[in-house]
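I have placed the structure first, in the form of structure tokens, so that the comments after it can refer back to it.
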Amino acid sequence: MRATKEQTIMNNFGHVIKLERVRKNMKQITLAQGICTPSYLSKIENNSIVPSQEVIDLLLKRLELSISQNKTLNDESYLKQIREINFNAVMNKDRELAAIQLKEINTERYLFSDSTNYYTYQLMVLRLTLIVQDIRHDTSELIMALSELSGNFNEYQMFLFNSCVGSYYSFKLDFNSTLQAYEKAITYSQKINMEKWEEADFHYQLGHCYITQQRWVISIEYILKSLEFFKNGFFNTRVVECHLMLAVAQDNSYQYEKAYQNLLLAQKIALQLNLKEHFPIITQNLGNTASVRGHSDKAIQYFLESLESRKDNDEKLPTIYSLVKEYSKLKNSQQIITWAKFGLSLINENQNPGFETFSHHFSVYLARETDQLLFEKTTISAYNFFRDIKDYRHTEKYSLLLGNFYYKNSKYKNAAKYFALSNENMFKKNKISCWEDL
């Protein structure tokens, strides 16, 4: 960075320093120590003074931050590039290309002369990070840093920030926090004129979010809005995604034939355009549809096809869980044990904290077939985990399982406790507060 770029420094350097400091959870007094006074640093961060080159270099060194100035582009041109990268990543879902582009972006901190552009840039980089599912150790810190600076955001930036926060929580499987963030984003989306592609993608995200809340009707409404835009623009990958999401919502609202037809449409498009990345999820959903219709043999066949076409272990876990549940319906103890152990072995190999949900599922089913004493402890642990993350669907499921277990073993006091908890979580899941509303 050249000292002659005084206006750029004046308008943006303080914002860069503040964001990086907050991102690293560093106090002003810690960053300023031995370089300048905390009050002087505060003025730098507020862009009310231009620091000397020596102070700039020392602050950057302590933050372990490198800033380079792109001499070939102005602010608007560079931001336009970032917008185009976001557009391609959102509409075409080419994660490999987006990951390469994100890596190039992260090699520098571009200095904008306009702080408004700088915040938009940071939010777009965050969105790109979430799209490529590159959730690094500092992603939560970046979100917290941007949250602290959000008082400077305009309404579009507040929409972008809250939709990114929603996506982050969705990736972490915290669907209640996802809903809270998205509903804040809805408020801001009504105050701005966003581009149609952003609106369509946001509607898709809302559709997915409401599915996790079992609000099937509103989910279908949002997904249909997205589907119309994606079809008109020939964004075929997104069209397939919409058909798949519609099938999930329709399946759960007993529209089985519509769900099946949407899956066939998704399969037809994927086969015609050789969209191989969609084959696993299509067969997975065909398996789900067969399962709810009571066609277990066909469901298992589809699940096995889905599993065979999946490459990454983390992508295999939902399908393995589906196999465990289907064999549980058939009371096939040997297959339950085999698949639950396989799922746990993949989790142990990867040591990914995000797999904790499946670890609880597999452990419960395995213990249920192998060790009744361990089953009680394991299921209580699963109940507590899902209770803590406010996943009311699975707290209802495992409290009901515990209630039945205690009743079968003549432990009626414990049985009554967990049956009551099952009802309580059923009320929460369905957002009902009074029995009269059932």
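The values are calculated or read from the model by the stated rules, or taken from the named source; none is laboratory data. As the structure is a prediction and not an experimental result, all values here were calculated from the model. Don't worry about glycine lacking a Cβ; one is built from the backbone with ideal geometry, like all the others, and counts go over all protein chains shown. The area values use the complete protein model at the heavy-atom level, side chains included, leaving out ligands, DNA and RNA. Shrake-Rupley method; radii C 1.70, N 1.55, O 1.52, S 1.80 Å.
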So the angle from the long Cα axis of helix 139-148 to the longest Cα principal axis of the chain, reported in degrees to the nearest 10, equals 60
Cα-Cα longer than 22 Å, checked against K298/K428; K80/K276; K225/K311; K325/K431; K231/K258, kept in input order, equals K298/K428; K80/K276; K225/K311; K325/K431
All alpha-carbon distances of the range 21-174, grouped into 5 Å bins from 0, give the whole-percent distribution 2, 8, 16, 20, 21, 17, 10, 5, 2, 0
Relative contact order of the chain (C-alpha contacts under 8 Å, at least 6 apart) in percent is 8
If every Lys and Arg gets +1 and every Asp and Glu gets -1 at its Cβ, then about the Cα centre the range 250-357 yields a dipole, in debye to the nearest 20, of 300
So the carbon and sulfur contribution to the accessible area of the range 374-438, 1.4 Å probe, in percent, is 55
For the chain, the dipole about the Cα centre with charges only on Cβ (Lys and Arg +1, Asp and Glu -1), to the nearest 20 debye, works out at 880
Rounded to whole Å², per residue accessible area for the chain with a 1.4 Å probe reads 51
The farthest towards the positive end of the charge dipole of the chain, of the residues F362, S48, W197, given +1 on Cβ of Lys and Arg and -1 on Cβ of Asp and Glu, is F362
A convex hull over the alpha carbons of the range 303-438 yields, per residue, a volume in Å³ of 129
Going residue by residue through the range 368-377, the Karplus relation 6.51 cos²θ - 1.76 cosθ + 1.60 with θ = phi - 60° gives ³J(HN,Hα) values, rounded to whole Hz and with x marking Gly or Pro, of 4, 8, 10, 8, 5, 5, 5, 4, 4, 5
For the range 91-98, Karplus-derived ³J(HN,Hα) couplings (6.51, -1.76, 1.60; θ = phi - 60°; whole Hz; x for glycine and proline) come out as 7, 9, 6, 8, 5, 5, 5, 4
Per GNM of the chain with C-alpha springs under 10 angstrom, the most fluctuating residue out of S399, S306, S333 is S333
Computed on Cα atoms, Rg of the chain relative to 2.2 N^0.38 Å comes out at 1.14
Of the candidates S115, S381, Y254, the farthest towards the positive dipole end of the chain (Lys/Arg Cβ +1, Asp/Glu Cβ -1, centred on the Cα centre) is S381
With only helices counted (DSSP H, runs n ≥ 4, each -39500 (n - 2.57)), the per-residue ellipticity at 222 nm for the chain, to the nearest 500, works out to -23500 deg cm²/dmol
The range 190-347: spread of alpha-carbon positions along the three principal axes, whole Å, largest first, is 56, 30, 29
Treating only Lys and Arg (+1) and Asp and Glu (-1) as charged, each at its beta carbon, one finds that the range 339-438 has a dipole about its Cα centre, in Debye to the nearest 20, of 240
Applied in sequence order to the range 209-216, the curve 6.51 cos²θ - 1.76 cosθ + 1.60 (Karplus, θ = phi - 60°) yields integer Hz couplings, x standing for Gly and Pro, of 4, 5, 5, 5, 9, 6, 9, 5
Carbon/sulfur accessible area of the range 36-189, % of total, 1.4 Å probe, equals 47
Charge tally for neighbours of A415 with beta carbon under 13 Å away, counting Lys, Arg as +1 and Asp, Glu as -1, is +3
What the 5 Å binned alpha carbon P(r) of the range 298-350 shows, as percent of pairs per bin from 0, is 4, 22, 31, 25, 13, 4, 0
